[in-house]
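Working notes, structure below.
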Amino acid sequence: MKYLFVFLLFLPIYTYSSDTIKIRELYAGDMQFSELAKSLDGKRVKISGYMAPPLKAQADFFVLTKMPMAVCPFCESEADWPDDILFVRGKDTIDVIRYTEPLIVTGILELGTKVDEETGFVSRVRVVNADYERAL
Amino acid sequence: MKKLLASMVATVVAGTTFANDLPQQSSPWFQDAQNVLMQKMETPRLRGQAKNVILFVADGNGVSSNTAIRIFEGQAQGLLGEEHELSFEKFPHLALAKTYNSNAQTPDSAGTATAMLAGVKTRQGVVGITDNVDRGDCVTALDNQIPSALHLAERKGKATGVVSTARVTHATPAAAYAFAADRNFEDDSALSDEQKAAGCVDIASQALTADMEVILGGGRRHFIPAELTDEEGKTGRRTDGRDLTKEWQAQGGEYVWNRDGLMKLDPNADRVLGLFESSHMEYEADREGDAGGEPSLAEMTAAAINVLNKDEDGFFLLVESGRVDHAHHAGNAYRAMMDGVAFAEAVQIATQMTNLEDTLIIVTADHSHTLVMQGYAQRGNPILGLSKGLDSQGNPVTEPSLAKDGKPYTTIAYVNGPGAVQGERQDLSNVDVEDMDFVQQALIPMSSETHTAEDVAIYARGPWAWLIDGTVEQNYIFHVMDHAAGLSQ
Ligand SMILES: [Zn+2]
């Protein structure tokens, strides 16, 4: 735990810059991919968002959401995934960052529906070979 | 002193002429306030029976949230914002409601909706039952059901309906038509076999047996079986194999699932079920991006009134803006503001489509949230923006104010929630704090920002609306609606 904490402290800290895109910019209306998304398919991108609480421990992937995955105990008996989520496949096992910390993910953008062989998780858009940093 | 008082009385009676000219008399502030005074003196206390009653609830829209929405809407119209009025803020009568549940200082929507709709406070988490039943004990609840204003209106021969941007089986609309020992009994999969055998019925099933003419909102998944995939590609939740949308149609009702269907509704239709999303409808800010296309709250309200107006005996309608609450829980003020503006537009439509003389309209919130407007922002400062103050002469400055940590801050913050700062506070200098996805900074870390316990406002117009006055218990709202329309008679 101590180790993780120290590690977090020394994570490189990214600031938002003009080449950082938002998850919603990947979509035009109707959940279709935007021109921007199509133009970046297969290319290296920087995307801002939040790490959803991981589905399993020691995974090498996580789900990036546009806002923290808050669940109201009064409103909901369970959490629903929003439509516009991003599957992030890391280079290594993921170091969990609290789901309320703004992040910037860097990696290769992949469009198109794909089922993750290991988990069965269905995604429409992914960032692979990814690094991620806290945005401060 | 006596003389001055006498002259002030004379002034009030005579209107805008003053015995002694006051130096501030020519100020627009002065004139505006004088006009309001005249208006208030001429506001009649309507005593006729209300034919129609509409209860509008913006879930979670406390007084601070409402103030922020007022400024947000005003600034969107090019005003400074603070001086603006939301549609229902023009209503003549106002009270404050004490919102606590019978067992909780800070309430939830199920207990508060039951208070407003059935006239008695009850426990957190339960719908349409008395407070001597444990939450979840659906068998005991069967003998402790309490009819709502909607049930009474139905019994009196009026048309009835519910409209919500949340699931129509969610706490607030459910309290209008259902009885449930737990707000989560939205479909039969939430009930055990023993509970079902004992006679417990899920909320969606009760939506059909309540005999309502209008049901519009989200929550399609609770009406269709798990084996069925809906029009937008999502599966149902029911495990009893029933398709309630089919059953509704078999009973002669219209069923629509998107905006297009609602807009093209047969003008002669006298019963309509509209389920526009599998779960909650989209936030107003995201509505355009919806796969099937969703109507706005104002469009649903107008469609509801069009159908209900066909009944000569009048109608009872509950309209809920369900997601001001959800956006606050997410710590995301932008979406709360947008849903609040959509709520005010829905109230506006209802005032245009009904008569002051025969329709009682009550507008309120069920509870508040931790949103605060903090710091000393200058007049007209963007409501979602960084706080910019005044110089020592009282003139606006162009640079954001800085906190003790040397960093700027936004006017809107939450006391708790996902925006809570852990460790060093983020420097917002280069962050687009007015972005739709921005999560406002908060103090206490929680996965979900919470409700709060302070009073909420009640606004009213129409017959007997003047009984909305003072600081009252929330369950008093039912009693005004009942008295105005003679629902229980
Ligand atoms: Zn809530």
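Read the figures in this text as sums done on the coordinates, not as results from a lab. These figures come from a predicted structure and were not determined experimentally. Here the Cβ positions follow ideal geometry from the backbone for every residue, glycine too, while neighbour counts run over all protein chains shown.
Look at the alpha carbon pairs under 8 Å that are at least 6 residues apart: their mean separation over the length of chain B gives a relative contact order of 24 percent. Put in order of Cβ neighbour count within 10 Å, fewest first, the listed residues B:LEU262, B:LEU216, A:LEU40 become A:LEU40, B:LEU262, B:LEU216.
Between B:LEU402 and B:GLN77, the modelled label-to-label distance comes to 3.8 nm, taking each label 7 Å out from Cα in the direction of the beta carbon. The fraction of all Cα pairs in the range B:374-449 landing in successive 5 Å bins from 0 to the largest distance is 3, 16, 24, 26, 17, 8, 4, 1, 0, given as whole percents. Charging the Cβ of each Asp and Glu at -1 and of each Lys and Arg at +1, and nothing else, the dipole of the range A:17-134 about its Cα centre rounds to 320 debye. The residues A:ARG126, B:ARG155, when put in order of fewest to most other Cβ atoms within 10 Å, stand as B:ARG155, A:ARG126. Based on the Cβ-Cβ distance of B:ASN20 and B:ALA453, what FRET efficiency does E = 1/(1 + (r/R0)^6) give at R0 = 56 Å, to the nearest 0.05? The value I calculate is 0.75. Contact order for the range B:14-172, expressed relative to its length and based on alpha carbon pairs under 8 Å spaced 6+ residues apart, stands at 11 percent. Distant-in-sequence amide contacts of B:ASN416, defined by a placed amide H-H separation under 5 Å and a gap of 5 or more residues or a different chain, comprise B:LEU443, B:ILE444, B:THR450. Taking amide H as placed 1.01 Å from N in the peptide plane, A:ILE21 has its amide H under 5 Å from the amide H of A:LYS46, A:ILE47, A:SER48, each at least 5 places away in sequence or on another chain. Sparsely packed loop sites in the range B:266-357 (the GluC sites (Glu not before Pro) outside DSSP H, G, I, E and B with at most 14 other Cβ atoms within 10 Å) comprise B:GLU312, B:GLU357. Give the residue from B:LEU402, B:GLY74, B:GLY199 lying farthest towards the positive end of the charge dipole for the protein assembly as shown; charges sit on Cβ (+1 for Lys and Arg, -1 for Asp and Glu) and the dipole is referred to the Cα centre. Going by the Cα projections, it comes out as B:LEU402. Rounded to the nearest whole Hz, the Karplus-based 3J(HN,Hα) values (6.51 cos²θ - 1.76 cosθ + 1.60, θ = phi - 60°) of the range B:26-31 follow the sequence 7, 5, x, 4, 5, 4, with x at glycine and proline. In the protein assembly as shown, the DSSP-assigned H stretches of four residues or longer account for a calculated mean residue ellipticity at 222 nm of -7000 deg cm²/dmol, using -39500 (n - 2.57) per stretch and the full residue count as denominator. Shown in residue order for the range B:298-308 are the 3J(HN,Hα) couplings computed by the Karplus curve 6.51 cos²θ - 1.76 cosθ + 1.60 at θ = phi - 60°: 5, 5, 5, 4, 5, 4, 5, 5, 4, 6, 5 Hz (x for Gly and Pro).
Modelled spin labels at B:GLN393 and B:LEU356, positioned 7 Å past Cα toward Cβ, are 4.6 nm from each other. The stretch between B:THR106 and B:GLN249 holds 47.4 nm of extra length on full extension. This uses 0.36 nm per residue minus the Cα-Cα distance.
Sites listed here are GluC sites (Glu not before Pro) in the range A:27-118 whose DSSP assignment is loop and whose Cβ has at most 15 other Cβ atoms within 10 Å: A:GLU78, A:GLU117, A:GLU118.
Taking 20 Å as the straight-line reach from the Cα of B:LYS310, the lysines in range (excluding those fewer than 8 positions away in the same chain) are B:LYS51, B:LYS156, B:LYS158, B:LYS264.
Note on chain B: dipole from Cβ charges, positive end direction compared against B:ALA171, B:MET116, B:THR450; the farthest Cα belongs to B:MET116.
Just how large is the dipole of the protein assembly as shown about the Cα centre, in debye to the nearest 20, putting +1 at every Lys and Arg Cβ and -1 at every Asp and Glu Cβ?
1300 debye
With one equal scatterer per alpha carbon and no solvent term, the Debye-computed log10 I(q)/I(0) for the protein assembly as shown at 0.07, 0.09, 0.11 1/Å reads -0.48, -0.78, -1.12. For the range A:17-134, the pair-distance distribution built from all alpha carbon pairs, in bins 10 Å wide starting at 0, is 13, 48, 32, 6, 0 percent. Ordering B:ALA327, B:ILE146, B:GLN489 by Cα displacement along the dipole of chain B toward the positive end leaves B:GLN489 in first place; charges were set at the Cβ atoms of Lys, Arg (+1) and Asp, Glu (-1).
The trypsin sites (Lys or Arg not before Pro) found in the range B:314-409 that occupy coil by DSSP, while having at most 10 further C-beta atoms within 10 Å, are B:ARG379, B:LYS404. List the aspartates and glutamates whose alpha-carbon lies under 20 Å from that of B:LYS98, not counting same-chain residues fewer than 8 positions away? Output for B:LYS98: B:ASP59, B:GLU89, B:ASP108, B:ASP131, B:GLU320, B:ASP325, B:ASP366, B:GLU454, B:ASP455, B:ASP469, B:GLU473, B:ASP482. Here the average projected area of the convex hull drawn through the C-alpha atoms of the range B:145-208 stands at 4.5 nm². Hey, for a label at B:LEU428 modelled as a point 7 Å past Cα toward Cβ, could you say which residues of the range A:119-136 have their backbone N under 17 Å away? The answer is A:135-136, whose backbone nitrogens lie closer than 17 Å to the label point.
How big is the convex hull of the Cα atoms of chain B, per residue, in Å³?
In chain B, the Cα hull volume divided by residue count equals 181 Å³.
Could you let me know the centre-to-centre spacing of the range B:406-437 and the range B:114-133, using Cα atoms, in angstrom? The range B:406-437 and the range B:114-133 have Cα centres spaced 38 Å from each other. Put in order of Cβ neighbour count within 10 Å, fewest first, the listed residues B:THR140, B:THR99, B:THR114 become B:THR140, B:THR99, B:THR114. Couplings for the range B:130-145, taken from phi via the Karplus curve 6.51 cos²θ - 1.76 cosθ + 1.60 with θ = phi - 60°, read 6, 8, 9, 10, 5, 4, x, 7, 6, 6, 4, 4, 4, 9, 10, 7 Hz in order; Gly and Pro are left as x.
Between B:ARG45 and B:TRP29, the contour length at 0.36 nm per residue exceeds the alpha carbon distance by 3.1 nm. Within a straight-line Cα-Cα reach of under 19 Å, A:LYS22 can be paired with the following lysines, leaving aside sequence neighbours fewer than 8 residues apart in one chain: A:LYS38, A:LYS43, A:LYS46, A:LYS66.
Model label sites at A:LEU36 and B:HIS479, defined 7 Å from Cα along the beta-carbon direction, differ in position by 5.5 nm.
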